[in-house]
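The values are calculated or read from the model by the stated rules, or taken from the named source; none is laboratory data. Worth saying up front: this structure is predicted, and the values here are computed from it rather than measured. Please note: Cβ atoms are built from the backbone with ideal geometry, for glycine as well, and neighbour counts cover all protein chains shown.
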């Protein structure tokens with residue numbers, strides 16, 4: 001598939017096609033869209049509006065159906081949505097189509113319906129590969145469904161994404177790590193990582209208020225996401241998003257959980273701190289310059305310069321400075337040699 005980052009046109013279908021109400025779900029709070037399925041006219045307007053925003057003229061544009069279980073929609077609704085999206089592909093205004101769906105709705109019959117459309121990417125709501133965790137979360141499917149769906153989609157040549165949650169009911173840090181390793185074995189093209197939040201109108205909110213469910217702390221959620229990020233990157237699996245997008249409709253509905261508007265940045269900063277610390281430890285110089293691509297400086301320094309302060313505290317005998325260098329892709333450690341007397 002095109003390596004260029006796509007310009008995504010999101011069309012939200014909150015809970016559309018979902019046969020189950022998961023304990024954590026409130027798609028209206030997450031998307032800011034009411035539960036009624038949008039009509040074709042409003043979808044067409046949405047797509048045209050987004051096309052006008054594409055100021056950089058990115059040729060790789062995808063219409064993306066999110067927030068529901070796409071392959072679980074009634075066939076006539078699914079076909080109507082695909083026909084609408086395909087019309088933009090036929091007019092060469094859009095490159096392709098993508099959608100998210102539950103693993104247990106990926107069937108031969110449904111995939112056959114997709115063959116006449118320019119669908120390139122399918123994201124699976126995996127959430128966990130632990131059957132007990134899936135049961136407690138009232139997902140209504142098992143890990144084997146994810147394995148089968150991934151295998152089927154790979155055989156059809158689709159780009160595959162896995163959406164994974166951390167902190168689900170009945171899940172501990174070890175369970176989560178095992179799920180990540182199982183996902184890695186399936187080799188999806190990319191993943192999204194979401195910390196579980198307790199939303200006010202969800203069943204999970206009742207569990208939280210009664211003491212039945214305890215959410216992850218922000219610190220532990222960042223640690224777990226960072227550890228899985230390391231594993232995915234070591235197996236060449238892209239992590240394209242960490243954390244839900246901050247928006248008022250979401251923040252106003254959060255009752256508890258590891259929410260931070262810059263959660264993804266916190267995870268990437270911790271990951272970068274680990275890498276830099278490892279390199280500084282190997283250095284024998286007391287004067288070190290960290291050359292870093294300007295776009296990555298905020299990850300190196302951390303929130304409110306926290307990483308820089310932690311580095312200086314851990315290595316008090318070393319003078320550490322950070323220097324922007326647009327000529328490098330990542331970062332590099334430069335050791336200053338002591339001058340001879």
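Observations
- Meets criteria (more than 19 Å from residue 127 (Cβ to Cβ) and modelled with pLDDT of 90 or more) for residue 214: no
- Selection of region 298-328 for residues being assigned to a loop (DSSP other than H, G, I, E, B) and touching a helix residue (DSSP H, G or I) at 6+ places or on another chain (Cβ under 9 Å) yields 302, 315, 318, 325, 326.
Residue-by-condition table, conditions (1) surrounded by 13 or more Cβ atoms within 10 Å (Cβ to Cβ); (2) touching a strand residue (DSSP E or B) at 6+ places or on another chain (Cβ under 7 Å); (3) under 30 Å from residue 205 (Cβ atoms):
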{"position": "257", "(1), (2), (3)": "yes, yes, yes"}
{"position": "263", "(1), (2), (3)": "yes, yes, yes"}
{"position": "271", "(1), (2), (3)": "yes, no, no"}
{"position": "278", "(1), (2), (3)": "no, no, no"}
{"position": "283", "(1), (2), (3)": "yes, yes, no"}
{"position": "291", "(1), (2), (3)": "yes, yes, no"}
{"position": "306", "(1), (2), (3)": "yes, no, no"}
{"position": "309", "(1), (2), (3)": "no, no, no"}
